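What follows is a short report on a single structure.
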Amino acid sequence: MPSYPDYRPRRLRRTAALRNLVRETVLVPSQLVLPLFVRPGAGIRQPVASMPGVSQTSVDEMLRDAQAAAEAGVGGVLLFGIPEHKDAEGTEAWREDGPVQQAVRALKRELPQLVVVTDVCLCEYTSHGHCGVLRDGDVDNDATLALLAREAVSHARAGADIVAPSDMMDGRVGAIRHALDDAGLQSTAIMAYSAKFAGGYYGPFRDAAESTPQSGDRRGYQMDPGNAEEALREVWLDIEEGADMVMVKPAGPFLDVVARVKAETGYPLAAYQVSGEFAMIQAAAERGWMDRERAMMESLLGIRRAGADVIITYFAVDAARVLHGR
Ligand code: PBG
Ligand code: ZN
């Protein structure tokens, strides 16, 4: 490589046109996915205190948000459900007329251009708030698999393009793939939350989804934040069990894992910029401590530069609008 003064990197930074010409990484709205929280009822829009700009909505109001996302060119939505009643097994997760199932049908009818992804987990539906069923105070892995499979099949029957298991039970991707195939749903794709780390960044989400565990935490099933080698093993397991796409979550604090998963597998890769990452930027911007738009775009660009194809982010609509120059 030539060195100074033959090579002067500043030559290509002189004007916006030159910078645009040689930019290596660009964001595109069609690879952004907007999470939405759906609850039963009509005309409901309940703001989430810890996530300024995010609300729980009924299906009719959800359609307005999804319409705005589609108009901005956002590629898809990721649905979370808040049920009417919770119980020990989370049985409302596979109710045919549950909020997620209704939302999927409404989206497929009204906005067929959007990719519809559903989060498959039990924590929003269980009275104890854990991602699986409990036995002797611990989450029973194998007993949970059949329930997750039922939930996934019910989302797929409603018309979901992609089901996304976020529970971190061992063997769940295989169980869901078999159940989908047995139900004649071989075209429904699986986006596996493969490397999902336990930690503090999910705090605001648990307000939004009303899914805080009543006792204990999720460290017995979500990953230890120190582990990147194990993350690769989790990713390969999910690929072998039939995952069509894999995910790293959270994104920002785990960009090294994003980069390694992309480099070592070459699989379609999603990264989830989670509620805590979103809330930090919103809070700092509200105080005037950071420029919101620049921090938002830089955080997303970093995730993409690390190797993510798809970014799941509460900023999806705002970022898409910035990319279009509004
Ligand atoms: C549920 C689930 C969580 C998120 C997505 N699916 C939370 C958790 O594991 O407690 C987090 C999303 C976010 O923080 O934005 N299994
Ligand atoms: Zn869960």
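The values are calculated or read from the model by the stated rules, or taken from the named source; none is laboratory data. Just so it is clear, the model here is predicted, and its values are computed rather than measured. Don't worry about glycine lacking a Cβ; one is built from the backbone with ideal geometry, like all the others, and counts go over all protein chains shown.
Listed here are the residues, each with its yes/no results for (1) within 26 Å of residue 30 (Cβ to Cβ); (2) assigned to a loop (DSSP other than H, G, I, E, B); (3) out of contact with any helix residue (DSSP H, G or I) (no Cβ under 8 Å at 6 or more places or on another chain).
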| position | (1), (2), (3) |
| --- | --- |
| 85 | no, yes, no |
| 93 | no, no, no |
| 101 | yes, no, no |
| 107 | yes, no, no |
| 122 | no, yes, no |
| 131 | no, yes, no |
Worksheet item: Which residue out of 43, 90 is in contact with a Leu (Cβ under 6 Å, 6 or more places away or on another chain), at positive phi and of a type outside the set (Ser, Thr, Tyr)?
Response: 90
Worksheet item: Out of (1) surrounded by fewer than 17 Cβ atoms within 10 Å (Cβ to Cβ); (2) more than 19 Å from residue 206 (Cβ to Cβ); (3) in contact (Cβ under 8 Å) with a residue 12 or more places away in the chain; (4) of a type in the set (A, V, I, L, M), the odd one out for residue 16 is which?
Response: (3)
Fill in: Residue check, residue 317 assigned to a helix (DSSP H, G or I), of a type in the set (Val, Ile, Thr) and more than 18 Å from the chain's Cα centre (by Cα)
no
Worksheet entry | Tally, over segment 203-212, of residues that are touching a strand residue (DSSP E or B) at 6+ places or on another chain (Cβ under 9 Å) and either at pLDDT 90 or above or surrounded by 21 or more Cβ atoms within 10 Å (Cβ to Cβ) (or both) | 4
Worksheet item: Cβ-Cβ below 9 Å, separation at least six or inter-chain, first residue in segment 165-181 and part of a loop (DSSP other than H, G, I, E, B), second away from ligand 1 (no atom under 16 Å from the Cβ) and not polar (S, T, N, Q): which pairs?
Response: 169/142; 169/175; 170/142; 170/237; 171/142; 171/237; 171/241
Item to complete: With respect to residue 166, determine if the residue is hydroxyl-bearing (Ser, Thr, Tyr) and either within 16 Å of ligand 1 (Cβ to nearest atom) or surrounded by 24 or more Cβ atoms within 10 Å (Cβ to Cβ) (or both).
Response: yes
Discussion item. Quick check on residue 201: is it within 30 Å of residue 49 (Cα to Cα), in contact with a Gly (Cβ under 8 Å, 6 or more places away or on another chain), part of a helix (DSSP H, G or I) and within 16 Å of ligand 1 (Cβ to nearest atom)?
Written reply: yes
Worksheet item: Can you tell me which of 242, 220, 288, 226 is more than 24 Å from residue 36 (Cβ to Cβ) and within 16 Å of ligand 2 (Cβ to nearest atom)?
Response: 220
Practice prompt. Identify, from the list 308, 270, 279, the residue that is within 16 Å of ligand 1 (Cβ to nearest atom), touching a residue at least 40 places away in the same chain (Cβ under 8 Å) and part of a loop (DSSP other than H, G, I, E, B).
Written response: 308
Worksheet item: What number of residues within segment 253-276 are away from ligand 2 (no atom under 16 Å from the Cβ) and surrounded by fewer than 21 Cβ atoms within 10 Å (Cβ to Cβ)?
Response: 12
Discussion item. Can you say whether residue 96 is touching a residue at least 40 places away in the same chain (Cβ under 8 Å), surrounded by fewer than 19 Cβ atoms within 10 Å (Cβ to Cβ) and among the charged types (D, E, K, R), as far as the supplied structure shows?
Written reply: yes
Worksheet, complete the sentence: Restricted to segment 84-120 and to residues being within 24 Å of residue 141 (Cα to Cα) and in contact with a Pro (Cβ under 7 Å, 6 or more places away or on another chain), the residue farthest from ligand 2 (Cβ to nearest atom) is 92
Worksheet item: Based on what the data block shows, is residue 151 within 14 Å of ligand 1 (Cβ to nearest atom) and either touching a residue at least 40 places away in the same chain (Cβ under 8 Å) or within 21 Å of residue 238 (Cα to Cα) (or both)?
Response: yes
